[in-house]
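J.: Okay, here's the structure, questions in a sec.
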Amino acid sequence: MINVTLPDGSKRSYEVGSTSWDVAKSISEGLARNVLAAEVNGEVWDLTRPLTEDSAVSLLSWKDKGGKSTMWHSSAHLMAEALEFYYPGVKLAIGPPIENGFYYDVDFGDYEIHEKDLKKLEDKMIELARLKNEYIRKDISKADAIAYFSEKEDPYKLELLEDLPDGEITFYTQGAFTDLCRGPHLPNTGYIKAVKLMSIAGAYWRGDEKNKQLTRIYGITFPKAKELKEYLVLLEEAKKRDHRKIGKELDLFTFSQRVGQGLPLWLPKGAALRERLIEFMKKTQTKAGYQPVVTPHIGHKDLYVCSGHYEKYGEDSFQSIKTPHEGEEFLLKPMNCPHHCEVFKAKPKSYKDLPVRYAEFGTVYRYEQSGELHGLTRVRGFTQDDAHIFCAPEQVEEEFKKVIDIVLYVFKALEFEEYTAQISLRHKTDREKYIGSEENWDKAEQAIINASKDKGLNTVVEYNEAAFYGPKLDFMVKDALGRSWQLGTIQVDYNLPERFELEYVGADNQKHRPVMLHRAPFGSLERFIAVLIEHTAGKFPLWLNPEQVSVLPISDKYNDYAKEVLNLLNNYDIRGIVDERSETMGKKIRDAEVNRIPYMLIVGEEEKKEGKVAVRKQGEGDLGSFSLEEFAAIIQTEIDEKLVQHVDNTSC
């Protein structure tokens with residue numbers, strides 16, 4: 001018999017060779033019908049895979065990330081089976097699940113495939129799904145695997161096999177299709193009820209531009225047709241909110257081939273919005289005890305070799321910059337943290353100096369392949385609201401709480417109301433890849449758990465998700481369309497203080513190694529602004545909007561009064577424009593609303609005589625007539641509701 005520990009801590013005994021599906025059935029038939037996969041000792045498995053030892057088992061449904069991933073992985077195999085039916089002899093590369101759906105990279109050879117062909121593939125997938133063919137896992141020797149794909153003349157699978165050790169290779173078969181795959185998969189194809197193949201794109205084999213370009217087909221599936229319909233409606237709304245579209249409409253940013261792909265140019269209104277975010281964070285950080293630092297955009301190669309970033313990002317970095325001095329090489333910086341380590345090291349530190357908090361809006365550069373670039377969310381140059389806290393081990397928990405305060409303040413000010421915090425910890429049993437002492441890891445992991453609990457965060461714990469140098473806390477935010485984005489991260493790091501030999505003198509007059517916390521509530525400004533645009537559909541919070549008011553004179557003879565109004569409002573730090581065009585009032589109002597300007601101030605003879613403005617608010621209509629002082633008070637009250645909160649030296 002083996003013991004199975006369930007998420008609630010309860011234990012059940014089963015025969016050796018029982019499956020997670022058996023576990024589900026023993027709890028309830030309803031549960032068994034809804035589970036798609038199982039997490040066994042921290043790893044997602046097929047429901048039908050035998051359990052041979054005592055295990056911790058979590059049953060995964062469509063609501064779980066692992067459940068969706070398993071469905072989409074199995075769907076990629078189903079699409080591959082349909083592809084081989086219509087295009088015999090095609091060469092299949094890789095077909096993984098992704099955040100929303102799946103793809104398969106395919107070498108079509110002499111075949112051609114177009115968007116119009118996707119419908120017949122969808123229909124074939126549904127036909128195959130209804131057969132309820134089982135996904136059958138089979139262990140296979142490397143020699144037999146090579147023989148199979150040699151006979152099939154599949155160069156991509158043969159290349160993948162080169163890197164796989166004998167004894168760890170598995171095939172999965174469903175119906176007429178067999179693939180090299182480690183799994184996991186659904187019990188059978190019948191779970192797949194609705195299919196939509198989204199698009200066709202190009203992708204280089206193994207992401208290398210020197211390799212052959214393959215055809216990538218994206219798709220998504222659902223366990224119910226209703227859910228697919230809802231998803232497609234959501235996609236249409238997402239197109240309307242696309243930050244690239246709205247960014248162009250609002251004149252926030254642009255790109256230039258001459259400047260270079262993935263290098264955004266901020267236009268005046270976008271630059272104003274960006275600077276306002278920076279000032280907002282700077283004020284918050286100053287109150288929380290951060291010290292500003294500035295570091296160069298480049299660094300000597302040795303700096304990044306020391307930090308380990310050269311090894312990690314070398315292939316994703318721009319080519320090194322060589323000087324006339326032989327052997328001297330510089331790199332565009334991929335990260336700010338190595339520079340901050342050198343700032344910390346510039347002067348001896350005592351335990352009385354800790355914690356030290358350095359903050360910088362530092363621009364970093366990473367080479368992304370052109371096919372991976374996407375608006376502001378995937379760029380080659382981006383600015384991080386980076387900060388690094390150097391503290392003693394016993395200060396980690398308190399510093400975590402203070403950073404959480406800042407992250408939550410940012411979310412409130414920018415109207416992100418739904419979020420969860422993912423606590424990323426080590427693998428439960430395999431500790432070989434992690435650096436740092438067991439004692440320090442235990443303290444750091446418990447500090448994150450305690451801090452999250454004390455702050456009342458809605459958390460999920462993920463094992464084997466910690467970085468090799470320390471555990472972390474990632475904030476997953478849901479936008480207005482229910483999509484999840486990672487915004488804000490806090491990481492514990494034992495690695496860089498060791499690599500840079502950072503020290504402080506403790507109360508015992510001995511030298512000690514500090515703990516380093518990495519912290520970025522925005523992440524990158526570019527990506528954060530992209531998410532903010534799509535979340536708000538360009539209707540930014542009033543305090544952030546580049547143009548808070550549009551003053552609309554009813555005719556040209558009131559243009560001077562309109563300008564006078566705007567000048568007086570500037571004294572109250574209210575930003576706006578005067579629409580002097582010789583257009584109808586209806587068009588001026590429509591254009592102001594299209595440009596997402598929150599308030600429209602209409603001025604004519606009566607307003608000029610009384611020194612007032614007729615106020616109209618986007619989405620609400622006419623509010624009435626107000627003096628400038630009264631209107632300024634309305635604006636200030638609305639802003640204060642979002643920004644006047646905590647961030648004093650005790651809570652942050």
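J.: Hey, rough spin-label estimate for Glu329 and Lys511, points 7 angstrom out along Cα→Cβ, what's it come to in nanometres?
T.: 3.0
J.: Another question about this same structure. So what is the relative contact order of the chain, in percent, for Cα pairs below 8 Å that sit 6 or more residues apart?
T.: Here the relative contact order equals 9 percent.
J.: What distance in nm lies between label points placed 7 Å from Cα along the C-beta direction at Arg590 and Ile435?
T.: 6.2
J.: Then there is this: Return the sequence-ordered ³J(HN,Hα) values of region 158-170 in whole Hz as given by the Karplus equation 6.51 cos²θ - 1.76 cosθ + 1.60 applied to θ = phi - 60°, using x for Gly and Pro.
T.: Values, residue by residue: 5, 5, 5, 5, 4, 8, 9, x, 4, x, 10, 9, 10 Hz.
J.: What does the net charge come to around Lys245 if you take all other residues with beta carbon closer than 15 Å to its beta carbon, with K and R at +1 and D and E at -1?
T.: Summing Lys and Arg as +1 and Asp and Glu as -1 gives +1.
J.: Using only the alpha-carbon atoms, how far is helix 559-570 inclined from the longest principal axis of the chain? Give it as 0 to 90 degrees, nearest 10.
T.: For helix 559-570, the angle is close to 70 degrees.
J.: Here is a follow-up. Residue by residue through region 209-215, what is 3J(HN,Hα) from phi via Karplus (6.51 cos²θ - 1.76 cosθ + 1.60, θ = phi - 60°)? Round to whole Hz and write x for glycine and proline.
T.: 5, 7, 8, 5, 7, 9, 9
J.: As a test question: what accessible area, to the nearest 10 Å², does Phe102 have when a 1.4 Å probe is rolled over all protein chains in place?
T.: 0
J.: Once phi is turned into θ = phi - 60°, what whole-Hz ³J(HN,Hα) does the Karplus curve with 6.51, -1.76 and 1.60 give for every residue of region 22-28, x standing for Gly and Pro?
T.: Calculated HN-Hα couplings, in order: 4, 4, 4, 5, 6, 8, 5 Hz.
J.: A follow-up question, please. Can you spot the lysines whose alpha carbon is less than 24 Å from Lys322's alpha carbon? Ignore those fewer than 8 places along the same chain.
T.: Lys301, Lys312, Lys333
J.: Taking the full set of protein chains and a 1.4 angstrom probe, give the accessible area of Trp45 in square angstrom, rounded to the nearest 10.
T.: 40
J.: Tell me whether region 443-512 comes out rounded, prolate or oblate; compute the Cα gyration tensor, take square roots of the eigenvalues as a ≥ b ≥ c, and use a/c under 1.5 as the rounded threshold.
T.: prolate
J.: At R0 = 60 Å, how high is the FRET efficiency between Lys563 and Thr5 if r is their beta carbon distance? Nearest 0.05 is fine. Display every interim value, and only then the final one.
T.: Values: r = 72 Å, r/R0 = 1.21.
Efficiency computed from Cβ-Cβ geometry: 0.25.
J.: If I fit a long axis through the Cα atoms of helix 628-643 and take the longest principal axis of the Cα atoms of the chain, what angle between them do I get, 0 to 90°, rounded to 10?
T.: Approximately 30 degrees, to the nearest 10.
J.: Shape call for region 222-321 from the C-alpha gyration tensor, a ≥ b ≥ c root eigenvalues: rounded (a/c under 1.5), prolate (a/b greater than b/c) or oblate?
T.: prolate
J.: For the chain, what is the calculated [θ] at 222 nm in deg cm²/dmol (nearest 500), taking -39500 (n - 2.57) for each run of four or more DSSP H residues and dividing by its residue count?
T.: -10500 deg cm²/dmol
J.: Taking 0.36 nm per residue of sequence separation and subtracting the Cα-Cα distance, how much length would be gained by fully extending the chain between Asp622 and Ile140, in nm to one decimal?
T.: 166.2 nm is the gain from fully extending Asp622 to Ile140.
J.: Given R₀ = 35 Å, what would the calculated FRET efficiency be for Glu503 paired with Asp454, taking r from the Cβ atoms and rounding to 0.05? Don't skip to the end; give the middle numbers.
T.: Values: r = 30 Å, r/R0 = 0.86.
It comes to 0.70.
J.: May I ask you to derive the relative contact order of region 93-197, considering only C-alpha pairs under 8 Å and at least 6 residues apart, and to give it as an integer percent?
T.: This gives 32 percent for region 93-197.
The values are calculated or read from the model by the stated rules, or taken from the named source; none is laboratory data. In this text the structure is predicted, and so the values were computed from the model without any measurement. Methodologically, a virtual Cβ is constructed for each residue, glycine included, from the backbone with ideal geometry; neighbour enumeration extends over all protein chains shown. Ligands, DNA and RNA are stripped out before the accessible areas are found, and what is left, the full protein with its side chains, is counted by its heavy atoms. Shrake-Rupley method; radii C 1.70, N 1.55, O 1.52, S 1.80 Å.
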